[in-house]
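**Q** This is the structure I have questions about; it appears just below.
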Amino acid sequence: MKVNLDCIIFGLQRVGGISTYWSELARWLAARDDVELTLTLPRQMVAKHGAAVATLAPCGIRPALPDRIGRYLPAPAPDDADIVHSSYYRLPGARCRARRVVTVYDFTYEHYRGGPARWLHSAQKANAVRGADGVICISETTRDDLLAIYPDVDPARVVAVPLAVARTTFFPIAAAERRADLADCALFVGARGGYKRLDLAVAGVAATPQLRLALVGAAPVADERAMLDARLPGRWMALGQLDDAALRRAYGSAFALVYPSDHEGFGLPILEAMACGCPAIVASRPASREAGGSAALYAEAQSGEAYAAVLSTVDRQRGAAIGAGLHHADTFSWDRTFAATVAFYRQIGA
C-alpha cells in the first residue's frame, strides 16, 4: 500500500499534540514493510521533530508559496498513491485518484472563535470532512461533535482512533533526576489562551498557599505576567519551551499537573504526565475524561475552589494516583493507534 502523508502541520506548529501525533505516525509507517511511504513537506519546516521526520521517506517537491497560503490550497500528492492522509484539513486536487483521509482533532474554532479566522478554518474543515473518503477523529468526543455539526456525513466513514503516549519518551524519572525546585509546583503545560483556562489553575494554586505554579510553553505575555504577579506574587515560574527529556523531568518532579481546559480533542499532556508518575488534576469534560479515565483526579466544577479542593487531597492519595496513572498510560500505545489507522486505510481502500 502506497501512503502519502501531507505534513503541512510541520509548517504551522512548532510543538503541540498534532505535530507529535504526526511525527509518530510517520515514524511508524516508515518502519512497516507493507507500506511504501512518501511525504509532502511544507515550504518552511518549523516543527521541532520535522527535520527528523523528513529523513524517513522520499519527499515531494516543497510548495513555492508560503505555508500560510499553501495550507488553504490543494495538497501536492504523488500520482500513484493509494492513500493521501492530510495532517491539517487540506486535500489533494481533483485529479488525484488516491483515497483521501483527514484527521479531525477538535472543534475549538467552532465553539470558541469568531470572525474571519473561524469562518476560514471552519469552511476548510467542512470541505475536508465532506470531501474525504475517510475521517479519523482523535477521540469519541470529537467524533460525536463532528457528526452533530455535519449531520450529512455518513457515520460509517468516520472512526475514532485515540492518541497515545510514547513510553520510550515519557516514563518515571530516577531520584537523581528530580528537580527540587518543582516539588511544590503545579504544572500548567501547553497553550494558555481562552478555553485552556489558565485562570482556574491560578485560582486553584492561589487558594493552596503551600504550592506554586510552573508554566511550560511560550513565555507569558504582559497581561499574563500582570495577572500572575497580582494573584501569585513570588509563587510562579515560567519554564519556557521544553524538549521531551526536560518535559519528562518536569512531569516527574512536579507536585501535579493541572489541566483545566474547557474543551479538548483529546488532552495528550494528561497521558504524558501519568506516564511520568505525575498525578493529573483534570477538568471533568468529555474528551479529558476519555484521556484520563478512572486514573485522573477530576475537579467537580470549573471553579478555582474546585481545583483547590483537589490540590488539597493530592498528598493523601499520591501513591494511588501515581500507580493508577502509570497503569492507565500503558493502555494507550502508538502501536495500537497506528494499527487501527492502517486498518482504516485498508477498509476505505477496499
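The numbers here are math on the coordinates, done by the rules we state, and not lab data. Keep in mind it's a predicted model, so treat the numbers as computed, not measured. Neighbour counts are summed over all protein chains in view; Cβ atoms, including those assigned to glycine, are modelled from backbone coordinates with ideal geometry.
**Q** Evaluate the stretch 226-350: find the radius of gyration of its Cα atoms, find its Kirkwood radius, and give the ratio Rg to Rh. Before the final figure, lay out each step's value.
**A** On the way: Rg = 16.8 Å, Rh = 16.1 Å.
That ratio equals 1.05.
**Q** As I understand it, the value is the acute angle between the Cα axis of helix 244-253 and the longest principal axis of the Cα atoms of the chain; what does it come to in degrees, rounded to 10?
**A** It works out to around 30 degrees.
**Q** Under 15 Å from the Cβ of A94, count the other residues' Cβ atoms, weight Lys and Arg +1, Asp and Glu -1, and hand me the total. Write out the running numbers ahead of the final one.
**A** Numbers: positive: R90, R95, R97, R99, R100, R130; negative: D79, D133.
My count for the surroundings of A94 gives +4.
**Q** Send over the per residue convex hull volume for the stretch 56-194, Cα only, as a whole number of Å³.
**A** On the way: hull volume 27.3 nm³, N = 139.
For the stretch 56-194, the hull spanned by Cα atoms encloses 196 Å³ per residue.
**Q** Please work out the C-alpha center-to-center distance from the stretch 310-342 to the stretch 46-63 and express it in whole Å.
**A** 31
**Q** Now a separate question. Could you please rank C185, C278, C96, placing first whichever residue has the fewest other Cβ atoms within 10 Å of its Cβ? Please report the intermediate quantities before stating the final value.
**A** Working: C185 24, C278 28, C96 18.
Listing C185, C278, C96 from fewest to most nearby Cβ atoms yields C96, C185, C278.
**Q** Determine which lysines satisfy two conditions relative to K48: a Cα distance under 24 Å, and not lying fewer than 8 residues away in the same chain.
**A** K196
**Q** As a footprinting exposure proxy, order T313, T208, T55, T108 by other Cβ within 10 Å, with the fewest listed first. All intermediate terms of the calculation are to be shown ahead of the outcome.
**A** Numbers: T313 13, T208 22, T55 9, T108 19.
Least crowded to most crowded, the residues run T55, T313, T108, T208.
**Q** Moving to a separate point now. Would you order D330, D34 from fewest to most other beta-carbon atoms within 10 Å of each residue's own beta-carbon? Let's see the in-between values first.
**A** Working: D330 12, D34 8.
Ascending number of Cβ neighbours within 10 Å: D34, D330.
**Q** Something else about it: What trypsin sites (Lys or Arg not before Pro) does the stretch 45-140 have in DSSP loop regions with at most 16 other beta carbons within 10 Å?
**A** Values: sites: K48, R68, R71, R90, R95, R97, R99, R100, R113, R118, K125, R130; in loops: K48, R71, R90, R95, R97, R113.
Qualifying residues, ordered by number: R95, R97, R113.
**Q** Rg and Dmax of the chain, using alpha carbons, in Å: what are they?
**A** In Å, with Rg to one decimal and Dmax whole: 20.5, 62.
**Q** A follow-up question, please. Add +1 for every Lys or Arg and -1 for every Asp or Glu among the other residues with Cβ under 15 Å from the Cβ of N4, and state the total. Kindly include the intermediate steps, with their values, before the conclusion.
**A** Values: positive: K2, R32, R62, R90, R95, R97, R99, R100; negative: D6, E36, D79, D80, D82, D133.
With Lys, Arg at +1 and Asp, Glu at -1, the net is +2.
**Q** Nearest 500 deg cm²/dmol is fine: what mean residue ellipticity at 222 nm does the chain get from its DSSP H runs of n ≥ 4 alone, each adding -39,500 (n - 2.57), divided by its residue count?
**A** Numbers: 14 runs with 138 residues, N = 350.
Computed mean residue ellipticity for the chain: -11500 deg cm²/dmol.
**Q** If one takes the longest principal axis of the Cα atoms in the chain, at what angle in degrees, from 0 to 90 and to the nearest 10, does the Cα axis of helix 17-30 lie?
**A** Between helix and principal axis, roughly 50 degrees.
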